[in-house]
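Here the structure comes first, spelled out in structure tokens, and everything after it is commentary.
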Amino acid sequence: MMRWPSGVVLRIASSRATCWRSTCQTAPTFTPFQVAPVLRNREDVQRALLHVLPAVTRETANPARVLVWVLIDTRGVVQKAQVKQSSGFAPLDRAALQVAARMKFTPALNGDQPVSVWVSVPVDFSVR
């Protein structure tokens, strides 16, 4: 978690929860794997989120969550990101997508082979 001086806390929740793959890469579909991808640059992602976060959200006391689908290739690089579940506030959704593009993961493995997968990544915005 990263705390702003104003008391806003950002938390990038675990990315290991749900992995999906797309054969046409337009909509997430499940793919088998034994080893889930793991976010490698959590601190960089939190700094990037602070940079792109709309100033208006720093003033709100309402917590918000954006669920983002992220397509991770066999090298752990994000190829695509889309909102799975909106926060209801478009600037937060856009901030979550911009940051998702900067995420770096370890590749998912099916046996000993890297596989491309979709990962559902929750991004929480809250004030404490």
Quiz item: Which net charge results for the neighbourhood of Val83, defined as the other residues with beta-carbon distances under 10 angstrom from its beta-carbon, given Lys and Arg at +1 and Asp and Glu at -1?
Solution: +1
Quiz item: What is the extension gain from Gln85 to Asp124, computed as 0.36 nm multiplied by their sequence separation minus the C-alpha to C-alpha distance, in nm to one decimal?
Solution: 12.8 nm
Quiz item: Stretched out fully, how many nm does the piece from Leu109 to Phe30 gain, at 0.36 nm a residue minus the Cα gap?
Solution: 27.1 nm
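Quick note: the coordinates plus some simple rules give every number you see, no bench work behind them. Predicted model only: the values in this text are computed from it and were never measured. When we count neighbours, we look across all protein chains shown, and the Cβ atoms used for this are built from the backbone with ideal geometry, even at glycine.
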